[in-house]
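The values are calculated or read from the model by the stated rules, or taken from the named source; none is laboratory data. Values in this document were obtained by computation on a predicted structure and should not be read as measured data. Note that each Cβ is placed from the backbone with ideal geometry, even for glycine, and that neighbours are counted across all protein chains shown. These accessible areas exclude ligands, DNA and RNA; they are computed on the full protein's heavy atoms, side chains included. Shrake-Rupley method; radii C 1.70, N 1.55, O 1.52, S 1.80 Å.
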Amino acid sequence: MQRVTTPINQLEATALKVREHIIKMSTDGGCFVGASLSAADLIVYLYTDFLNINPSNLNDPDRDYLFLSKGHDVPALYGTFAELGLLAKDRLKNHLSLNDHIYWHPNTHIPGIEFHSGSLGHLPSVAIGVAMDIKIRGGKNKVICIMGDGELNEGTCWEAALVANAYKLDNLIFVIDRNQFQANMPTEELIPLEPLHDKFTAFGAAVKRIDGHSFEALHEAFSAYPFETGKLNVVIADTVRGKGLPSIERRADRWFCNFNADEVESLLKELHGEHLTNLTSETLVVR
């Protein structure tokens, strides 16, 4: 069934609320705030305006499926669930609590989470299995797998693209959150990925590259689904790590953040256009 297009201002308002939730989850243990902010608009659009997923059909065999392979973005998913009624908002306060299942990666104890993730590169294969089952049954469900750009260093992602095209899974969409970073390094300094569009095309996919923060561009791309009969659909969404918070946007050292209470209060104001935040909390560096 064709979804009714949600007004752009409503999508923007929901995404803003989701970003507020992400910021609030970035203290008392922290979270992967930069990548969550880059994926927020994608996830809000997909659940609000594209996928047949709602609080009443989470166990319906005719529902659509979303697999968050870059599971560290789950604060954006939790925030979207909270805004759309799939998760009680007050449960977000339990982030990292031993008394709940809301932590750094998706957990299937939370209704709406289709599969746990964390180890990168695994869920494209899971999504393929679901998409193949739907094809065999003659179903109309859509299947989406959101991947990080750094995740594409995992060979399983490219093997999955080969298999998806071999079985003509045009009911499957790979969405790449192309924020140009993995952990605390730019992707192109570690293992260069470009030209991504050409690479996925060479693997047999039908590819669209868009501004991942433009709801107009998101609608234009996904309303063309399936992009080409018999081919894997791929959307490369160019995004900004830390989108909405100039203090951390495109900063390699602010991929995982554990902000103190004062920083969180200031960042919430910054999100709404006030002054930049003076960050004093430590950064996490890996090599």
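Tabulated results
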| read-out | value |
| --- | --- |
| Relative contact order of the chain, defined on C-alpha pairs under 8 angstrom at six or more residues apart (%) | 21 |
| The chain pair-distance distribution - Cα-Cα, 5 Å bins, rounded % | 1, 6, 13, 18, 20, 18, 13, 8, 4, 1, 0, 0 |
| Rounded FRET efficiency, nearest 0.05, which uses the C-beta distance separating residue 5 from residue 94 and R0 of 35 Å | 0.55 |
| Listed peptides 175-187, 155-167 by packing density, highest first (mean Cβ within 10 Å) | 175-187, 155-167 |
| Solvent-accessible ranking of 67, 115, largest area first, probe 1.4 Å | 115, 67 |
| With all protein chains modelled, accessible area of residue 62 [1.4 Å, Å²] | 100 |
| Segment residue 133-residue 247, extension gain: residue separation times 0.36 nm, minus the distance between their alpha carbons | 36.6 nm |
| Relative contact order of segment 18-166, pairs being alpha-carbon contacts under 8 Å that are 6 or more residues apart, as % | 25 |
| For segment 178-191, 3J(HN,Hα) per residue [Karplus equation, 6.51 cos²θ - 1.76 cosθ + 1.60, θ = phi - 60°, Hz, x = Gly/Pro] | 8, 9, 6, 10, 9, 6, 10, 9, x, 4, 6, 8, 8, 9 |
| Alpha carbon convex hull of segment 1-40, volume per residue in cubic angstrom | 82 |
| Surface accessible to a 1.4 Å probe, per residue, for the residues of the chain, Å² | 43 |
| Unit charges on C-beta of K, R, D, E only; dipole of segment 27-160, Debye | 280 |
| Members of 93/243; 70/208; 140/208; 70/199; 93/208 lying beyond 28 Å, as alpha-carbon distances in this model show | 93/208 |
| For segment 1-49 versus segment 213-287, the gap between their alpha-carbon centres in whole angstrom | 10 |
| Percent accessible area from carbon and sulfur atoms, segment 91-242, protein chains only, probe 1.4 Å | 56 |
| Percent antiparallel among DSSP beta bridges (both partners in the chain, rounded to 5) | 10 |
